[in-house]
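J.: Take a look at the following structure, please.
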Amino acid sequence: MASIKDVAKVAGVSVTTVSRVMNNRGYISKETRRKVEKAMEMIDYHPNEIARALQKNQSYFIGIIVPDSNHPFFSDLIKYVEVSANEKNYKLLVCNSLEDPAKEANYISMLRQNRVDGIIMCSHTMDIESYKKVPFPIVSFDRLVSANIPCVGSDNYRGGELATEHLIGRGCKRLLHISGPLGLDMLSNRRRDAFVITCMKHGVSYDIIEGAHNKLTFDYFWSFITEKLPPDKLSEYDGVFCSNDIVAYALYIYAQQNGIRVPQDFKIVGYDYHSFTRMLQNPKLTTIMQPSDRIGAMLTNTLIRMIENTEGELINNTTVDITLIQGETT
């Protein structure tokens, strides 16, 4: 069986250099990396990951818990987290909580038993104190938990402000915001705050309808809209800021079916600009883009910094900029 010494001999470099290439540590020139990787391929060398993990007391596995990997935003996010993790020689375990607190707690326990090095937490059904008891690094997406748990998210307040200002700038006078669940202190609730403040600032009348916490599907949003917004109620508004692009698309279809012209009489702005939205051609939604690629990379890099942080460095929260994407619904 080939060893690391054999790789070094074939590549014409030191064992230390081979180790640095394998662990992606320190500066390695592209030419040296190419020689080492070619040598590993030539002699069919595969590192003993179990021995490596025991030696460094690391598994090189990280977990990510999401509400539902079937949701386009979280599907995109998982992809970019995996890409970033792989670049640093970490593997990813994906868990779907389906917004069930017991399931989320069980996944945390399972990940702990499997010796993951840390968790990216995108599902937030448990109370804050439960997260504080987790004995390994955690990075949170869109929820402030504690000073010891960094949070990564988009600039939700600016996103809400930009969406509302855009609708007002298009002449809307009676606005509605279909928000996410407001019961938890999520950073995404800042979109609602910005919507309210911006409407008040411009003297525009507004209403808010709150969505359910554990529902992310098109079918749910369709039922939600038909129940909460019968045609006569919907016609009271001329602009809607939706908490995500799926509800925005469902609302567009519902308005069209009820003879309400979009965007002539009724304007819609969504939030996310994930793969589903980019695929849509009829209509092309006007929406706020929170860049899942940058968020995924930032979540991963922040967690790995915590895992490999031997000097007790304080790692700050990170806010990622958003962008208004002009479509055909405003």
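The values are calculated or read from the model by the stated rules, or taken from the named source; none is laboratory data. Treat the numbers as computed from the prediction; the structure is a model and nothing was measured. Cβ coordinates were reconstructed from backbone atoms using ideal geometry, including for glycine residues, and neighbour counts include every protein chain displayed. Calculation scope for accessible area: heavy atoms of the full protein, side chains included, ligands and nucleic acids excluded. Shrake-Rupley method; radii C 1.70, N 1.55, O 1.52, S 1.80 Å.
J.: Residues that are in contact with a strand residue (DSSP E or B) (Cβ under 8 Å, 6 or more places away or on another chain): list the helices (runs of 4 or more DSSP H) wholly contained in the range 224-330 that include at least 3 such residues.
T.: Helices (runs of 4 or more DSSP H) meeting the threshold: 245-257, 292-307.
J.: So, one more: Mind telling me which of the residues Ser235, Ser243, Ser179, Ser188 ends up being out of contact with any Pro (no Cβ under 7 Å at 6 or more places or on another chain) and over 22 Å from Arg158 (Cα atoms)?
T.: Exactly one residue qualifies, and that residue is Ser235.
J.: Separate question: Checking the structure you have, find out if any residue of the range 191-212 is closer than 20 Å to Ser69 by Cβ and either surrounded by fewer than 16 Cβ atoms within 10 Å (Cβ to Cβ) or at pLDDT 85 or above (or both).
T.: Yes - at least one qualifying residue is present in the range 191-212.
J.: Do you know which of the residues in the range 135-170 that are more than 16 Å from the chain's Cα centre (by Cα) and of a type in the set (Phe, Trp, Tyr) is modelled with the highest pLDDT?
T.: The selected residue is Tyr157.
J.: So Lys233 clears everything in (1) open to solvent by 30 Å² or more (accessible area, probe 1.4 Å); (2) closer than 21 Å to Met289 by Cα except one condition, right? Which one?
T.: Just one mismatch for Lys233, condition (2).
J.: Where residues in the range 20-44 are under 19 Å from Lys88 (Cα atoms) and outside any helix (DSSP H, G or I), which of them is most open to solvent (accessible area, probe 1.4 Å)?
T.: Tyr27
J.: Tell me which residues, restricted to the range 77-130, are open to solvent by less than 60 Å² (accessible area, probe 1.4 Å), under 19 Å from Val320 (Cβ atoms) and in contact with a strand residue (DSSP E or B) (Cβ under 9 Å, 6 or more places away or on another chain).
T.: Within the range 77-130, Leu77, Ile78, Val81, Ala85, Ile120, Met121, Cys122, His124 qualify.
J.: Quick one: what pairs do we get from the range 159-171, first residue farther than 15 Å from Asn189 by Cα and basic (Lys, Arg), second modelled with pLDDT of 95 or more and open to solvent by 10 Å² or more (accessible area, probe 1.4 Å), C-beta under 8 Å, 6+ apart or different chains?
T.: Cβ pairs passing all conditions: Arg170/Pro263; Arg170/Lys267; Arg170/Thr330.
J.: Next question, about the same structure. So in the range 167-190, with the set limited to residues that are part of a helix (DSSP H, G or I) and of a type outside the set (A, V, I, L, M), which one is least open to solvent (accessible area, probe 1.4 Å)?
T.: Asn189
J.: For the range 241-255, indicate whether the set of residues that are touching a helix residue (DSSP H, G or I) at 6+ places or on another chain (Cβ under 7 Å), free of Cβ contacts under 8 Å to residues at least 60 places away in the same chain, open to solvent by 10 Å² or more (accessible area, probe 1.4 Å) and among the hydroxyl-bearing types (Ser, Thr, Tyr) is non-empty.
T.: Yes, because at least one residue in the range 241-255 is touching a helix residue (DSSP H, G or I) at 6+ places or on another chain (Cβ under 7 Å), free of Cβ contacts under 8 Å to residues at least 60 places away in the same chain, open to solvent by 10 Å² or more (accessible area, probe 1.4 Å) and among the hydroxyl-bearing types (Ser, Thr, Tyr).
J.: Here is a follow-up. Exactly one of these conditions fails for Met126: (1) among the aliphatic types (A, V, I, L, M); (2) closer than 21 Å to Thr318 by Cα; (3) part of a loop (DSSP other than H, G, I, E, B). Give me its number.
T.: (2)
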